[in-house]
C-alpha cells in the first residue's frame, strides 16, 4: 500500500517529518524517502528499508535534511519522493496508490512531447514520475493534479511540495485518505490521522474525494473542492489500517470490534474453548467476537516482531510463507487438546492460513474453526496494490470456481458465488474448508461488513467481494 506525510512549518520541519513518515511503517517495508525545502533549496534522501527500519536508515540523514517544508513516504513500489524541474518550476512529488493504465499514459506522454522517462529495473517506469509527466502537461499545479485525477485508472493520492507549500490531492474517488493536522506555526498532511498526534498536532480536516488543498505554514486553502462520489477502500478498516487510525470518522479498532461482534451473532452453536486472532489485524476482530459470544479470548501463538518484517512484502511467495510461519511462536498450554476458533482478516490464496492451521494441529490443537473477518475475495483489486496478485486466479475462490465452471464464467455466475445464501457459495466455502483442513469455516457477510463500518454503503468500495467498485 504505502503511506505519505508532509509538513509546512514556520520553523524546522525535519523531526516532525521524520517521525510522521515513520508512523506509516506498517503500510510497507520496501522503500522510504524524505524531501525538504529550506535554506539550501531542495534536498532528498531515499533508502531501501526491506532489511532495516525506516528510523535506522534515515537517522544519519537528518542533519542534511534541514528545511521548513517537507514531504516523505513509505513506499511499496518505486523510489520516491522525486525532485522535478519543469515549466511549473522546481518541486518534489510523492504518491500513494497504483496506476493500472500506465502503458496508455506513457504512450500519451510521448505523443504530447515528453521525450523520455528514467529507466527502471525490469523496464518499468516509476509511476510517481509518470504522475509528474501528467501534471506538467498543464499550466498550473491545480490543473495538472485535476488532469492526473481524470486520466489515472486505479488510484492515486499525491503530495506536491513547492517552495511555498504543499499541494495535497486525494484520490479521485477517495479510495485512500488524506487528513490535515494543525499546531502552532505548522500544518501537516497525512495518510494516517494518528501519525501527527504525538507530534503536538490536532485534527484540522479530512480531504474529501478528489479534493485538492494547498497547505502552508500560515493556513490551508481548498483550491479544488471535493467531488460528490466516494469509494473508499473497505480493506482500510478490515486489514490495512493501524488500530488507532480513523477514516471518515470511523476508528479502525472499533470497526474490528463491530466486525467480530456481528460474526459471533450469526455463528450459533459453535463449540470452542477460546477465540484467537491471527496477529496483528485479526486480534481486534477476535476480541469483538469473544465479547459477543462469551467464548474466552486467548493468544495461542505470539507474533515475534523484533526481526521479522510483514510477511506479504517479499517478492517470493515461498519467502512470504516462510516468514509468516517463522514469526508465530506457539503457546503449548493454550493449544494442546483445545478447540480453537481462529479469526483472520481475510483468505486470499489460502496458503498462509492453511499452514497456520496445520501449525496449530501439529502443536496439539483438537479442532480449528476459522472465521475470516470479510467475505470471500472473488475479484482481484483493480484500484490499489492490495496484494501482488496479478490474476483473479491467484485467489483460492476463483481457482475453485474455475474448476467447477470452466474458464469463461459469466458475471451472473460470479454474483451467485458471492451470494452467501446461494448453493454455489455454500459448496465453494465447503471446498475451501476441505482444502485448508479447517474444522468449520464461516465467512463474514458483506451486509454485516458494511454495518461494521457504519458509513453510507454507497461510499464504500466492495469490489474485492462483489465486483462493484
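Laboratory data are not the source of any read-out in this text; all were calculated from the coordinates shown. Here the structure is a predicted model, which means the values were calculated and not measured. Using ideal geometry, Cβ is built from the backbone for each residue, glycine included, and neighbour counts are taken over all protein chains shown.
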Ranking of 270, 348 by count of other Cβ atoms within 10 Å, fewest first: 270, 348
Relative contact order, percent, the stretch 3-230 [alpha-carbon distance under 8 Å, six or more residues apart]: 20 percent
Once normalised by the length of the chain, the mean sequence separation of its alpha carbon contacts under 8 Å that are 6 or more apart gives a contact order in percent of 12 percent
Reciprocal of mean inverse Cα separation for the stretch 89-153 (Kirkwood radius, Å): 12.2 Å
Expressed in nm to one decimal, what extension gain is obtained for the pair residue 218 and residue 433 from 0.36 nm per residue of sequence separation less their Cα-Cα distance? 71.7 nm
Could you check the simple spin-label distance between residue 50 and residue 229, using points 7 Å along Cα→Cβ, in nm with one decimal? 3.8 nm
Protection proxy ranking, peptides 169-178, 10-19, average beta carbon neighbours within 10 Å, highest first: 169-178, 10-19
Expressed in angstrom and rounded, the centroid-to-centroid distance over alpha carbons for the stretch 1-70 and the stretch 350-427 is 38 Å
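Could you list 257, 167 in order of exposure, starting from the residue whose Cβ has the fewest other Cβ atoms within 10 Å?
Ranked by crowding around the Cβ, least crowded first: 257, 167.
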Using 0.36 nm per residue, how much length does the chain from residue 62 to residue 86 gain when fully extended, once their Cα-Cα distance is taken away? 5.9 nm
Which labelled figure in (1) 0.98; (2) 0.96; (3) 1.02 is Rg/Rh (Cα atoms, Kirkwood Rh), once derived from the coordinates: (1)
State whether the stretch 39-113 is rounded, prolate or oblate according to the following rule on the C-alpha gyration tensor (a ≥ b ≥ c being the square roots of its eigenvalues): a/c under 1.5 gives rounded; otherwise a/b larger than b/c gives prolate, and the remaining case gives oblate. oblate
Can you tell me the orientation of helix 281-293 relative to the chain, as the angle in degrees between its alpha-carbon axis and the longest Cα principal axis, to the nearest 10? 50 degrees
Sequence-separation-based contact order of the stretch 395-469, relative, with Cα cut under 8 Å and 6+ spacing, percent: 22 percent
Quick check on the stretch 329-469: take the gyration tensor over C-alpha atoms, sort the square-rooted eigenvalues as a ≥ b ≥ c, and tell me if it's rounded (a/c under 1.5), prolate or oblate. prolate
The value for the stretch 235-466 (convex hull of the alpha-carbon atoms, volume per residue, Å³) is 125 Å³
Please give the helix 102-111 orientation as an angle from the longest Cα principal axis of the chain, in degrees from 0 to 90, rounded to the nearest 10. 20 degrees
Using label points projected 7 Å from each Cα along Cα→Cβ, tell me how many nm separate residue 140 and residue 268, to one decimal. 6.2 nm
More than 15 angstrom separation, counting every C-alpha pair in the stretch 71-126; what % is that? 60 percent
What do you get for the angle between helix 351-362 and the principal long axis of the chain? Use alpha-carbon atoms, 0 to 90 degrees, nearest ten. 40 degrees
Please state the shape class of the stretch 43-87: rounded when a/c is under 1.5, otherwise prolate if a/b exceeds b/c and oblate if not, all from the C-alpha gyration tensor. oblate
Over 10 Å intervals from 0, what percent of Cα-Cα pairs in the stretch 3-230 sits in each interval? 9, 37, 39, 15, 1
Would you mind ranking 106, 99, 135 by Cβ crowding within 10 Å, fewest neighbours first? 106, 99, 135
